[in-house]
Protein chains: 2
Amino acid sequence: MSRASQQAYAKIRAHLLSGQVQPNEQLTEDQLAQITGVSRTPVREAVRRLEDELLLVRSDTKRLFVADWSRDDIEEMFSLRQMLECHAAERAAQRLSREKITQLEAVNHALKDAIAQDPPDVARFLEANRCFHEAIVDAADSPRLGQMLSKLVEAPVVLRTARTYSLDDLRQSSRDHDELIAAFTARDPDWARAVMGSHLRRAFHTFARSVGPQTGGAVPGGK
Amino acid sequence: MSRASQQAYAKIRAHLLSGQVQPNEQLTEDQLAQITGVSRTPVREAVRRLEDELLLVRSDTKRLFVADWSRDDIEEMFSLRQMLECHAAERAAQRLSREKITQLEAVNHALKDAIAQDPPDVARFLEANRCFHEAIVDAADSPRLGQMLSKLVEAPVVLRTARTYSLDDLRQSSRDHDELIAAFTARDPDWARAVMGSHLRRAFHTFARSVGPQTGGAVPGGK
DNA sequence: CGGACGTTATTTGTATACAATAACTGTTCA
DNA sequence: TGAACAGTTATTGTATACAAATAACGTCCG
(Lines give C-alpha, C1' and ligand atoms only; values in the text may rest on other atoms or scores of the structure.)
Protein backbone atom coordinates (compact mmCIF):
# COMPACT_ATOMS: atom_id res chain seq x y z
CA MET A 1 0.00 0.00 0.00
CA SER A 2 1.50 3.20 -1.10
CA ARG A 3 2.06 6.51 0.57
CA ALA A 4 -1.30 8.28 0.32
CA SER A 5 -3.36 5.11 0.72
CA GLN A 6 -1.39 4.00 3.72
CA GLN A 7 -1.65 7.42 5.27
CA ALA A 8 -5.37 7.54 4.66
CA TYR A 9 -5.76 4.11 6.21
CA ALA A 10 -3.79 5.04 9.31
CA LYS A 11 -5.55 8.34 9.82
CA ILE A 12 -9.04 6.98 9.32
CA ARG A 13 -8.32 4.09 11.64
CA ALA A 14 -6.96 6.44 14.28
CA HIS A 15 -10.02 8.60 13.82
CA LEU A 16 -12.29 5.65 14.41
CA LEU A 17 -10.41 4.50 17.49
CA SER A 18 -10.19 7.98 18.94
CA GLY A 19 -13.84 7.94 19.84
CA GLN A 20 -14.61 11.11 17.92
CA VAL A 21 -17.13 9.16 15.90
CA GLN A 22 -20.04 7.09 17.08
CA PRO A 23 -21.14 3.64 15.98
CA ASN A 24 -23.64 3.80 13.10
CA GLU A 25 -22.58 7.31 12.23
CA GLN A 26 -22.45 7.91 8.50
CA LEU A 27 -19.18 8.90 6.87
CA THR A 28 -18.62 10.13 3.35
CA GLU A 29 -15.58 9.67 1.21
CA ASP A 30 -15.30 13.43 0.87
CA GLN A 31 -15.17 13.94 4.62
CA LEU A 32 -12.50 11.30 4.94
CA ALA A 33 -10.54 12.83 2.09
CA GLN A 34 -10.55 16.14 3.93
CA ILE A 35 -9.57 14.57 7.23
CA THR A 36 -6.74 12.61 5.69
CA GLY A 37 -5.57 15.31 3.32
CA VAL A 38 -5.52 13.09 0.25
CA SER A 39 -7.96 12.68 -2.61
CA ARG A 40 -10.86 10.28 -2.70
CA THR A 41 -8.98 7.67 -4.74
CA PRO A 42 -6.61 6.54 -1.97
CA VAL A 43 -9.38 7.08 0.57
CA ARG A 44 -11.49 4.56 -1.26
CA GLU A 45 -8.66 2.07 -1.11
CA ALA A 46 -8.25 2.61 2.62
CA VAL A 47 -11.99 2.34 3.17
CA ARG A 48 -12.14 -0.97 1.37
CA ARG A 49 -9.52 -2.32 3.71
CA LEU A 50 -11.35 -1.03 6.75
CA GLU A 51 -14.52 -2.63 5.43
CA ASP A 52 -12.66 -5.88 5.14
CA GLU A 53 -11.63 -5.48 8.77
CA LEU A 54 -15.25 -4.73 9.61
CA LEU A 55 -14.48 -1.39 11.20
CA LEU A 56 -16.67 0.17 8.55
CA VAL A 57 -19.80 -1.25 7.00
CA ARG A 58 -21.86 -0.32 3.99
CA SER A 59 -25.61 -0.09 3.77
CA ASP A 60 -27.32 -1.89 0.93
CA THR A 61 -27.06 1.32 -1.05
CA LYS A 62 -23.30 1.64 -0.64
CA ARG A 63 -23.34 4.31 1.99
CA LEU A 64 -20.65 4.10 4.59
CA PHE A 65 -21.12 3.77 8.34
CA VAL A 66 -19.02 3.23 11.43
CA ALA A 67 -19.46 -0.38 12.48
CA ASP A 68 -21.21 -1.25 15.69
CA TRP A 69 -20.17 -4.53 17.17
CA SER A 70 -22.58 -6.62 19.14
CA ARG A 71 -21.57 -8.87 21.96
CA ASP A 72 -22.03 -11.81 19.60
CA ASP A 73 -19.65 -10.24 17.12
CA ILE A 74 -16.99 -9.90 19.76
CA GLU A 75 -17.48 -13.43 21.02
CA GLU A 76 -17.29 -14.70 17.47
CA MET A 77 -14.01 -12.96 16.88
CA PHE A 78 -12.48 -14.31 20.05
CA SER A 79 -13.63 -17.83 19.14
CA LEU A 80 -12.15 -17.63 15.69
CA ARG A 81 -8.95 -16.16 16.98
CA GLN A 82 -8.69 -18.95 19.49
CA MET A 83 -9.24 -21.61 16.88
CA LEU A 84 -6.71 -20.16 14.48
CA GLU A 85 -4.09 -19.24 17.01
CA CYS A 86 -4.22 -22.65 18.67
CA HIS A 87 -3.51 -24.08 15.26
CA ALA A 88 -0.64 -21.63 14.89
CA ALA A 89 0.81 -22.60 18.26
CA GLU A 90 0.64 -26.26 17.32
CA ARG A 91 2.49 -25.67 14.09
CA ALA A 92 4.95 -23.33 15.74
CA ALA A 93 5.85 -26.01 18.26
CA GLN A 94 6.96 -28.20 15.36
CA ARG A 95 8.94 -25.48 13.63
CA LEU A 96 10.44 -22.99 16.08
CA SER A 97 14.23 -22.98 16.06
CA ARG A 98 16.21 -22.72 19.28
CA GLU A 99 17.13 -19.11 18.42
CA LYS A 100 13.52 -18.13 17.83
CA ILE A 101 12.56 -19.56 21.17
CA THR A 102 15.32 -17.51 22.74
CA GLN A 103 13.87 -14.43 21.08
CA LEU A 104 10.47 -15.26 22.49
CA GLU A 105 12.02 -15.45 25.93
CA ALA A 106 13.52 -12.01 25.44
CA VAL A 107 10.20 -10.57 24.37
CA ASN A 108 8.44 -12.06 27.35
CA HIS A 109 11.18 -10.68 29.57
CA ALA A 110 10.48 -7.22 28.21
CA LEU A 111 6.80 -7.81 28.83
CA LYS A 112 7.47 -8.62 32.47
CA ASP A 113 9.58 -5.49 32.78
CA ALA A 114 6.64 -3.46 31.58
CA ILE A 115 4.43 -5.05 34.23
CA ALA A 116 6.99 -4.47 36.94
CA GLN A 117 6.87 -0.70 36.52
CA ASP A 118 4.84 1.32 38.96
CA PRO A 119 2.37 1.96 37.56
CA PRO A 120 2.55 -0.89 35.03
CA ASP A 121 3.38 0.32 31.55
CA VAL A 122 0.33 -1.01 29.71
CA ALA A 123 1.38 0.37 26.33
CA ARG A 124 4.70 -1.46 26.49
CA PHE A 125 2.94 -4.57 27.73
CA LEU A 126 0.56 -4.51 24.77
CA GLU A 127 3.38 -3.99 22.32
CA ALA A 128 5.42 -6.87 23.75
CA ASN A 129 2.34 -9.04 23.83
CA ARG A 130 1.57 -8.27 20.20
CA CYS A 131 5.14 -9.07 19.30
CA PHE A 132 5.06 -12.38 21.17
CA HIS A 133 1.92 -13.58 19.44
CA GLU A 134 3.09 -12.35 16.08
CA ALA A 135 6.31 -14.32 16.37
CA ILE A 136 4.34 -17.50 17.00
CA VAL A 137 2.09 -16.93 14.01
CA ASP A 138 5.15 -16.24 11.89
CA ALA A 139 6.73 -19.46 13.02
CA ALA A 140 3.61 -21.37 12.01
CA ASP A 141 4.68 -20.57 8.46
CA SER A 142 1.20 -20.40 7.00
CA PRO A 143 0.67 -17.16 5.10
CA ARG A 144 -3.10 -17.41 4.85
CA LEU A 145 -3.39 -18.22 8.51
CA GLY A 146 -1.31 -15.16 9.27
CA GLN A 147 -3.47 -13.01 7.06
CA MET A 148 -6.66 -14.14 8.75
CA LEU A 149 -5.28 -13.70 12.22
CA SER A 150 -3.92 -10.25 11.60
CA LYS A 151 -7.45 -9.06 10.96
CA LEU A 152 -8.83 -10.68 14.10
CA VAL A 153 -6.05 -9.66 16.43
CA GLU A 154 -6.10 -6.00 15.61
CA ALA A 155 -9.85 -5.66 15.67
CA PRO A 156 -10.88 -5.96 19.32
CA VAL A 157 -8.34 -3.29 20.11
CA VAL A 158 -11.01 -0.90 18.98
CA LEU A 159 -13.17 -1.47 21.98
CA ARG A 160 -10.40 -1.86 24.47
CA THR A 161 -9.83 1.88 24.48
CA ALA A 162 -10.85 2.68 28.02
CA ARG A 163 -10.21 -0.79 29.29
CA THR A 164 -8.18 -1.18 32.44
CA TYR A 165 -6.05 -4.23 32.93
CA SER A 166 -5.67 -5.54 36.42
CA LEU A 167 -2.19 -6.41 37.58
CA ASP A 168 -3.29 -10.00 38.08
CA ASP A 169 -4.42 -10.23 34.46
CA LEU A 170 -1.06 -9.01 33.26
CA ARG A 171 0.87 -11.39 35.49
CA GLN A 172 -1.22 -14.35 34.43
CA SER A 173 -0.54 -13.50 30.79
CA SER A 174 3.19 -13.54 31.34
CA ARG A 175 2.93 -16.89 33.09
CA ASP A 176 0.97 -18.28 30.15
CA HIS A 177 3.76 -17.11 27.90
CA ASP A 178 6.29 -18.87 30.10
CA GLU A 179 4.36 -22.08 29.74
CA LEU A 180 4.06 -21.63 25.99
CA ILE A 181 7.83 -21.27 25.81
CA ALA A 182 8.16 -24.46 27.84
CA ALA A 183 5.86 -26.25 25.41
CA PHE A 184 7.85 -24.98 22.45
CA THR A 185 11.11 -26.03 24.06
CA ALA A 186 9.67 -29.48 24.61
CA ARG A 187 8.48 -29.43 20.99
CA ASP A 188 5.07 -30.54 22.20
CA PRO A 189 2.32 -29.34 19.81
CA ASP A 190 -0.52 -30.59 21.99
CA TRP A 191 0.79 -28.79 25.01
CA ALA A 192 1.30 -25.57 23.05
CA ARG A 193 -2.22 -25.75 21.67
CA ALA A 194 -3.73 -26.33 25.08
CA VAL A 195 -1.90 -23.46 26.72
CA MET A 196 -2.77 -21.10 23.89
CA GLY A 197 -6.39 -22.16 24.16
CA SER A 198 -6.73 -21.36 27.83
CA HIS A 199 -4.67 -18.20 27.44
CA LEU A 200 -7.02 -16.76 24.83
CA ARG A 201 -10.20 -18.06 26.36
CA ARG A 202 -9.36 -16.39 29.63
CA ALA A 203 -8.58 -13.19 27.73
CA PHE A 204 -12.06 -13.32 26.28
CA HIS A 205 -13.71 -13.60 29.68
CA THR A 206 -11.58 -10.84 31.13
CA PHE A 207 -12.56 -8.70 28.20
CA ALA A 208 -16.24 -9.60 28.35
CA ARG A 209 -16.42 -8.88 32.06
CA SER A 210 -14.91 -5.44 31.61
CA VAL A 211 -17.19 -4.53 28.73
CA GLY A 212 -20.37 -5.74 30.34
CA PRO A 213 -23.46 -7.25 28.75
CA GLN A 214 -24.20 -4.44 26.30
CA THR A 215 -25.55 -5.30 22.89
CA GLY A 216 -25.68 -3.23 19.70
CA GLY A 217 -25.54 -4.65 16.22
CA ALA A 218 -28.20 -3.45 13.81
CA VAL A 219 -27.06 -1.56 10.76
CA PRO A 220 -28.95 1.70 10.16
CA GLY A 221 -29.20 1.89 6.36
CA GLY A 222 -30.85 -1.52 6.32
CA LYS A 223 -27.91 -3.69 5.17
CA MET B 1 -19.16 -4.11 -5.69
CA SER B 2 -20.61 -2.17 -8.47
CA ARG B 3 -21.13 -2.84 -12.12
CA ALA B 4 -17.76 -2.15 -13.73
CA SER B 5 -15.73 -3.42 -10.78
CA GLN B 6 -17.73 -6.60 -10.54
CA GLN B 7 -17.45 -7.15 -14.26
CA ALA B 8 -13.71 -6.56 -14.17
CA TYR B 9 -13.39 -9.00 -11.30
CA ALA B 10 -15.36 -11.70 -13.06
CA LYS B 11 -13.57 -11.30 -16.36
CA ILE B 12 -10.09 -11.23 -14.89
CA ARG B 13 -10.87 -14.24 -12.77
CA ALA B 14 -12.22 -16.12 -15.77
CA HIS B 15 -9.14 -15.10 -17.70
CA LEU B 16 -6.89 -16.51 -15.01
CA LEU B 17 -8.84 -19.75 -14.78
CA SER B 18 -9.03 -20.17 -18.54
CA GLY B 19 -5.38 -21.11 -18.71
CA GLN B 20 -4.56 -18.39 -21.20
CA VAL B 21 -2.05 -17.01 -18.76
CA GLN B 22 0.83 -18.77 -17.05
CA PRO B 23 1.89 -18.66 -13.42
CA ASN B 24 4.42 -15.90 -12.77
CA GLU B 25 3.40 -14.08 -15.90
CA GLN B 26 3.32 -10.34 -15.45
CA LEU B 27 0.08 -8.47 -15.98
CA THR B 28 -0.45 -4.74 -16.20
CA GLU B 29 -3.48 -2.76 -15.20
CA ASP B 30 -3.71 -1.39 -18.72
CA GLN B 31 -3.85 -4.87 -20.23
CA LEU B 32 -6.57 -5.87 -17.82
CA ALA B 33 -8.49 -2.69 -18.52
CA GLN B 34 -8.44 -3.54 -22.22
CA ILE B 35 -9.47 -7.13 -21.62
CA THR B 36 -12.31 -6.17 -19.34
CA GLY B 37 -13.43 -3.13 -21.28
CA VAL B 38 -13.46 -0.79 -18.30
CA SER B 39 -11.01 1.81 -17.08
CA ARG B 40 -8.14 1.21 -14.72
CA THR B 41 -10.03 2.46 -11.68
CA PRO B 42 -12.43 -0.48 -11.37
CA VAL B 43 -9.68 -2.81 -12.56
CA ARG B 44 -7.57 -1.76 -9.62
CA GLU B 45 -10.44 -2.55 -7.30
CA ALA B 46 -10.87 -5.99 -8.84
CA VAL B 47 -7.15 -6.63 -8.72
CA ARG B 48 -6.97 -5.81 -5.04
CA ARG B 49 -9.66 -8.38 -4.40
CA LEU B 50 -7.85 -10.99 -6.45
CA GLU B 51 -4.67 -10.20 -4.54
CA ASP B 52 -6.58 -10.78 -1.35
CA GLU B 53 -7.64 -14.14 -2.72
CA LEU B 54 -4.02 -14.80 -3.65
CA LEU B 55 -4.79 -15.39 -7.30
CA LEU B 56 -2.53 -12.45 -8.08
CA VAL B 57 0.60 -11.39 -6.27
CA ARG B 58 2.71 -8.26 -6.28
CA SER B 59 6.46 -8.02 -6.45
CA ASP B 60 8.23 -5.80 -3.94
CA THR B 61 8.00 -3.03 -6.49
CA LYS B 62 4.24 -3.29 -6.92
CA ARG B 63 4.25 -5.08 -10.21
CA LEU B 64 1.53 -7.62 -10.74
CA PHE B 65 1.96 -11.32 -11.44
CA VAL B 66 -0.18 -14.40 -11.81
CA ALA B 67 0.21 -16.39 -8.62
CA ASP B 68 1.93 -19.74 -8.68
CA TRP B 69 0.80 -22.08 -5.95
CA SER B 70 3.17 -24.59 -4.50
CA ARG B 71 2.06 -27.93 -3.16
CA ASP B 72 2.51 -26.52 0.33
CA ASP B 73 0.20 -23.64 -0.50
CA ILE B 74 -2.48 -26.03 -1.61
CA GLU B 75 -2.08 -28.25 1.41
CA GLU B 76 -2.23 -25.22 3.64
CA MET B 77 -5.48 -24.10 2.10
CA PHE B 78 -7.09 -27.48 2.47
CA SER B 79 -5.99 -27.64 6.11
CA LEU B 80 -7.40 -24.25 6.89
CA ARG B 81 -10.58 -25.01 5.07
CA GLN B 82 -10.94 -28.22 7.01
CA MET B 83 -10.40 -26.48 10.33
CA LEU B 84 -12.87 -23.72 9.58
CA GLU B 85 -15.52 -25.83 7.95
CA CYS B 86 -15.47 -28.41 10.73
CA HIS B 87 -16.16 -25.55 13.07
CA ALA B 88 -18.98 -24.43 10.79
CA ALA B 89 -20.48 -27.91 10.73
CA GLU B 90 -20.38 -28.07 14.51
CA ARG B 91 -22.17 -24.77 14.85
CA ALA B 92 -24.61 -25.63 12.09
CA ALA B 93 -25.60 -28.80 13.92
CA GLN B 94 -26.70 -26.63 16.84
CA ARG B 95 -28.60 -24.15 14.69
CA LEU B 96 -30.10 -25.76 11.59
CA SER B 97 -33.87 -25.67 11.55
CA ARG B 98 -35.87 -28.63 10.35
CA GLU B 99 -36.73 -26.75 7.13
CA LYS B 100 -33.12 -25.96 6.40
CA ILE B 101 -32.23 -29.59 6.81
CA THR B 102 -34.97 -30.47 4.36
CA GLN B 103 -33.44 -28.01 1.92
CA LEU B 104 -30.07 -29.66 2.36
CA GLU B 105 -31.67 -32.97 1.52
CA ALA B 106 -33.12 -31.48 -1.65
CA VAL B 107 -29.75 -30.11 -2.68
CA ASN B 108 -28.08 -33.41 -2.10
CA HIS B 109 -30.80 -35.09 -4.08
CA ALA B 110 -30.03 -32.80 -7.01
CA LEU B 111 -26.37 -33.64 -6.57
CA LYS B 112 -27.13 -37.34 -6.84
CA ASP B 113 -29.17 -36.69 -9.96
CA ALA B 114 -26.19 -35.01 -11.53
CA ILE B 115 -24.05 -38.02 -10.74
CA ALA B 116 -26.62 -40.43 -12.11
CA GLN B 117 -26.44 -38.91 -15.59
CA ASP B 118 -24.45 -40.73 -18.21
CA PRO B 119 -21.94 -39.25 -18.40
CA PRO B 120 -22.11 -37.65 -14.94
CA ASP B 121 -22.86 -33.95 -15.10
CA VAL B 122 -19.82 -32.64 -13.25
CA ALA B 123 -20.78 -29.00 -13.61
CA ARG B 124 -24.12 -29.59 -11.95
CA PHE B 125 -22.45 -31.73 -9.30
CA LEU B 126 -20.02 -28.92 -8.48
CA GLU B 127 -22.79 -26.37 -8.29
CA ALA B 128 -24.90 -28.53 -5.98
CA ASN B 129 -21.85 -29.31 -3.89
CA ARG B 130 -21.02 -25.61 -3.56
CA CYS B 131 -24.59 -24.92 -2.59
CA PHE B 132 -24.60 -27.66 0.04
CA HIS B 133 -21.46 -26.43 1.74
CA GLU B 134 -22.55 -22.82 1.52
CA ALA B 135 -25.80 -23.61 3.27
CA ILE B 136 -23.91 -25.17 6.15
CA VAL B 137 -21.60 -22.19 6.50
CA ASP B 138 -24.61 -19.89 6.42
CA ALA B 139 -26.28 -21.88 9.15
CA ALA B 140 -23.18 -21.52 11.30
CA ASP B 141 -24.19 -17.86 11.54
CA SER B 142 -20.69 -16.48 11.85
CA PRO B 143 -20.07 -13.74 9.31
CA ARG B 144 -16.30 -13.64 9.67
CA LEU B 145 -16.08 -17.39 9.40
CA GLY B 146 -18.09 -17.20 6.21
CA GLN B 147 -15.87 -14.51 4.83
CA MET B 148 -12.72 -16.50 5.47
CA LEU B 149 -14.14 -19.68 4.03
CA SER B 150 -15.43 -18.08 0.88
CA LYS B 151 -11.87 -17.20 -0.03
CA LEU B 152 -10.57 -20.69 0.65
CA VAL B 153 -13.36 -22.59 -1.02
CA GLU B 154 -13.26 -20.77 -4.30
CA ALA B 155 -9.52 -20.79 -4.59
CA PRO B 156 -8.55 -24.41 -5.34
CA VAL B 157 -11.02 -24.35 -8.16
CA VAL B 158 -8.27 -22.63 -10.07
CA LEU B 159 -6.15 -25.70 -10.37
CA ARG B 160 -8.95 -28.14 -10.76
CA THR B 161 -9.40 -27.07 -14.37
CA ALA B 162 -8.49 -30.27 -16.13
CA ARG B 163 -9.24 -32.43 -13.17
CA THR B 164 -11.32 -35.51 -13.76
CA TYR B 165 -13.53 -36.79 -11.02
CA SER B 166 -14.00 -40.49 -10.76
CA LEU B 167 -17.51 -41.78 -10.31
CA ASP B 168 -16.48 -43.31 -7.01
CA ASP B 169 -15.29 -39.94 -5.73
CA LEU B 170 -18.61 -38.37 -6.60
CA ARG B 171 -20.61 -41.16 -4.99
CA GLN B 172 -18.57 -41.03 -1.82
CA SER B 173 -19.17 -37.30 -1.59
CA SER B 174 -22.90 -37.77 -1.76
CA ARG B 175 -22.73 -40.42 0.95
CA ASP B 176 -20.75 -38.03 3.15
CA HIS B 177 -23.50 -35.49 2.64
CA ASP B 178 -26.08 -38.06 3.67
CA GLU B 179 -24.20 -38.66 6.86
CA LEU B 180 -23.84 -34.94 7.50
CA ILE B 181 -27.59 -34.60 7.18
CA ALA B 182 -28.01 -37.47 9.63
CA ALA B 183 -25.71 -35.71 12.08
CA PHE B 184 -27.65 -32.48 11.69
CA THR B 185 -30.95 -34.26 12.19
CA ALA B 186 -29.57 -35.81 15.36
CA ARG B 187 -28.32 -32.35 16.37
CA ASP B 188 -24.95 -33.88 17.13
CA PRO B 189 -22.16 -31.32 16.72
CA ASP B 190 -19.35 -33.80 17.31
CA TRP B 191 -20.68 -36.16 14.68
CA ALA B 192 -21.10 -33.34 12.19
CA ARG B 193 -17.58 -32.13 12.81
CA ALA B 194 -16.12 -35.60 12.38
CA VAL B 195 -17.93 -36.29 9.13
CA MET B 196 -16.98 -32.94 7.71
CA GLY B 197 -13.38 -33.58 8.70
CA SER B 198 -13.08 -36.86 6.88
CA HIS B 199 -15.08 -35.53 3.93
CA LEU B 200 -12.66 -32.67 3.35
CA ARG B 201 -9.52 -34.57 4.18
CA ARG B 202 -10.37 -37.21 1.61
CA ALA B 203 -11.07 -34.43 -0.88
CA PHE B 204 -7.57 -33.16 -0.30
CA HIS B 205 -5.98 -36.53 -1.00
CA THR B 206 -8.08 -37.06 -4.08
CA PHE B 207 -7.03 -33.66 -5.27
CA ALA B 208 -3.36 -34.14 -4.39
CA ARG B 209 -3.24 -37.48 -6.17
CA SER B 210 -4.68 -36.01 -9.35
CA VAL B 211 -2.35 -33.03 -9.34
CA GLY B 212 0.81 -34.97 -8.64
CA PRO B 213 3.90 -33.95 -6.73
CA GLN B 214 4.70 -30.78 -8.68
CA THR B 215 6.05 -27.79 -6.86
CA GLY B 216 6.23 -24.11 -7.89
CA GLY B 217 6.12 -21.21 -5.52
CA ALA B 218 8.86 -18.59 -5.96
CA VAL B 219 7.78 -15.10 -6.91
CA PRO B 220 9.71 -13.65 -9.85
CA GLY B 221 10.01 -9.97 -8.97
CA GLY B 222 11.67 -10.83 -5.67
CA LYS B 223 9.18 -9.99 -2.87
C1' DC C 1 -53.99 15.88 6.37
C1' DG C 2 -51.31 12.33 3.91
C1' DG C 3 -49.27 9.78 0.52
C1' DA C 4 -47.45 9.53 -4.33
C1' DC C 5 -44.63 11.92 -7.46
C1' DG C 6 -41.05 14.80 -9.46
C1' DT C 7 -37.17 17.82 -8.53
C1' DT C 8 -32.94 18.95 -6.27
C1' DA C 9 -28.96 17.84 -3.55
C1' DT C 10 -25.81 14.42 -1.89
C1' DT C 11 -22.98 10.52 -2.44
C1' DT C 12 -20.77 6.91 -4.72
C1' DG C 13 -18.80 5.04 -9.21
C1' DT C 14 -15.95 5.59 -13.45
C1' DA C 15 -12.90 7.65 -16.76
C1' DT C 16 -9.01 10.24 -17.72
C1' DA C 17 -4.97 13.12 -17.20
C1' DC C 18 -0.98 13.68 -14.92
C1' DA C 19 2.78 12.63 -11.31
C1' DA C 20 5.98 9.46 -9.24
C1' DT C 21 8.50 5.44 -9.44
C1' DA C 22 10.70 1.51 -11.38
C1' DA C 23 12.61 -1.04 -15.36
C1' DC C 24 15.07 -0.97 -19.54
C1' DT C 25 18.59 0.38 -22.94
C1' DG C 26 22.49 2.08 -24.75
C1' DT C 27 26.78 4.60 -23.86
C1' DT C 28 30.93 5.84 -21.68
C1' DC C 29 35.00 5.09 -19.21
C1' DA C 30 38.20 1.87 -16.58
C1' DT D 1 34.69 -6.84 -21.18
C1' DG D 2 31.83 -4.86 -17.88
C1' DA D 3 30.28 -1.80 -14.33
C1' DA D 4 28.26 2.70 -13.50
C1' DC D 5 25.50 6.22 -15.31
C1' DA D 6 21.84 8.90 -18.09
C1' DG D 7 18.07 9.10 -20.65
C1' DT D 8 13.99 6.72 -22.21
C1' DT D 9 10.06 3.81 -21.69
C1' DA D 10 6.78 1.32 -19.03
C1' DT D 11 3.93 0.88 -14.92
C1' DT D 12 1.78 2.12 -10.90
C1' DG D 13 -0.18 5.95 -7.84
C1' DT D 14 -3.02 10.20 -7.22
C1' DA D 15 -6.03 13.95 -8.32
C1' DT D 16 -9.88 15.64 -10.59
C1' DA D 17 -13.92 15.99 -13.51
C1' DC D 18 -17.89 13.98 -14.71
C1' DA D 19 -21.66 10.22 -14.75
C1' DA D 20 -24.86 7.33 -12.25
C1' DA D 21 -27.33 6.25 -8.35
C1' DT D 22 -29.58 7.34 -4.16
C1' DA D 23 -31.58 10.09 -0.58
C1' DA D 24 -33.98 14.33 0.84
C1' DC D 25 -37.35 17.60 0.11
C1' DG D 26 -41.28 19.97 -1.29
C1' DT D 27 -45.49 20.06 -4.00
C1' DC D 28 -49.59 18.56 -5.78
C1' DC D 29 -53.62 15.83 -5.77
C1' DG D 30 -56.77 12.64 -3.26
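Odds and ends about this structure:
- Candidates are the residues of region B:54-74 that are under 20 Å from the mean Cα position of the chain (by Cα) and within 10 Å of chain A (Cβ to nearest Cβ); the one that is farthest from A:Glu90 (Cα to Cα) is B:Leu54.
- Failed item, numbered, when A:Glu127 is tested on (1) surrounded by fewer than 18 Cβ atoms within 10 Å (Cβ to Cβ); (2) over 13 Å from the mean Cα position of the chain (by Cα): (2)
Here is a yes/no grid of residues against (1) away from every other protein chain (no Cβ under 14 Å); (2) under 18 Å from A:Thr206 (Cβ atoms); (3) at pLDDT 90 or above; (4) buried (at least 16 other Cβ atoms within 10 Å of the Cβ):
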position	(1), (2), (3), (4)
A:Val137	no, no, yes, yes
A:Ser142	no, no, yes, yes
A:Val153	no, yes, no, yes
A:Leu180	yes, yes, yes, yes
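- Evaluation of A:His87 against (1) at the interface with chain B (Cβ under 9 Å from one of its Cβ atoms); (2) within 16 Å of DNA strand D (Cβ to nearest atom) (one fails), failing number: (2)
- Residues that are at pLDDT 95 or above and β-branched (Val, Ile, Thr) were ranked within region B:182-212; the one that is nearest to B:Glu90 (Cα to Cα) is B:Val195.
- Of all residues in region A:184-210, those that are more than 15 Å from A:Ile74 (Cβ to Cβ) have Cβ atoms under 8 Å from Cβ atoms of residues that are among the hydrophobic types (A, V, I, L, M, F, W, C) and open to solvent by 20 Å² or more (accessible area, probe 1.4 Å), 6 or more apart or on another chain, in A:Trp191/A:Ala182.
- The listed residues are B:Leu84, B:Leu64, B:Leu96, B:Leu80, and the only one of them that is closer than 12 Å to B:Ala139 by Cβ and open to solvent by less than 40 Å² (accessible area, probe 1.4 Å) turns out to be B:Leu96.
- Selection count where residues are more than 9 Å from DNA strand C (Cβ to nearest atom), at pLDDT 95 or above and open to solvent by 20 Å² or more (accessible area, probe 1.4 Å), scope region A:52-61: 1
- Number of the condition not met by B:Ser79 [criteria: (1) outside any loop (DSSP other than H, G, I, E, B); (2) within 26 Å of A:Ala88 (Cα to Cα); (3) more than 16 Å from DNA strand D (Cβ to nearest atom); (4) not assigned by TED's automatic domain parsing to the domain that holds B:Leu145]: (4)
- Out of B:Ala8, B:Ala67, one residue alone is within 12 Å of DNA strand C (Cβ to nearest atom) and among the hydrophobic types (A, V, I, L, M, F, W, C). It is B:Ala8.
- Check on A:Ala114, away from chain B (no Cβ under 14 Å), open to solvent by 30 Å² or more (accessible area, probe 1.4 Å) and away from DNA strand D (no atom under 16 Å from the Cβ): no
- Top-ranked residue of region A:99-108 - restricted to ones that are open to solvent by 30 Å² or more (accessible area, probe 1.4 Å) and closer than 22 Å to A:Ala194 by Cα, ranked as farthest from the other protein chains (Cβ to nearest Cβ): A:Glu105
- Filter pass, A:Val122 being touching a Cys at 6+ places or on another chain (Cβ under 9 Å), away from DNA strand D (no atom under 16 Å from the Cβ) and away from chain B (no Cβ under 12 Å): no
- Output for region A:6-28, where each listed residue is touching a strand residue (DSSP E or B) at 6+ places or on another chain (Cβ under 7 Å) and either within 11 Å of DNA strand D (Cβ to nearest atom) or open to solvent by less than 50 Å² (accessible area, probe 1.4 Å) (or both): A:Leu16, A:Val21, A:Gln26, A:Leu27
- Filtered by the rule that a residue be assigned to a loop (DSSP other than H, G, I, E, B), away from chain A (no Cβ under 11 Å) and in contact (Cβ under 8 Å) with a residue 60 or more places away in the chain, region B:21-53 gives B:Pro23, B:Asn24.
- Test: residue in region A:37-51 that is at positive phi and open to solvent by 60 Å² or more (accessible area, probe 1.4 Å): yes
- Options B:Asp60, B:Asp68: the member that is more than 9 Å from DNA strand D (Cβ to nearest atom), touching a Lys or Arg at 6+ places or on another chain (Cβ under 6 Å) and outside any helix (DSSP H, G or I): B:Asp60
The values are calculated or read from the model by the stated rules, or taken from the named source; none is laboratory data. In this text, all values refer to a predicted model and were calculated from it rather than measured experimentally. Methodologically, a virtual Cβ is constructed for each residue, glycine included, from the backbone with ideal geometry; neighbour enumeration extends over all protein chains shown. These area figures cover heavy atoms from the full protein model, side chains too; ligands, DNA and RNA do not enter into them. Shrake-Rupley method; radii C 1.70, N 1.55, O 1.52, S 1.80 Å.
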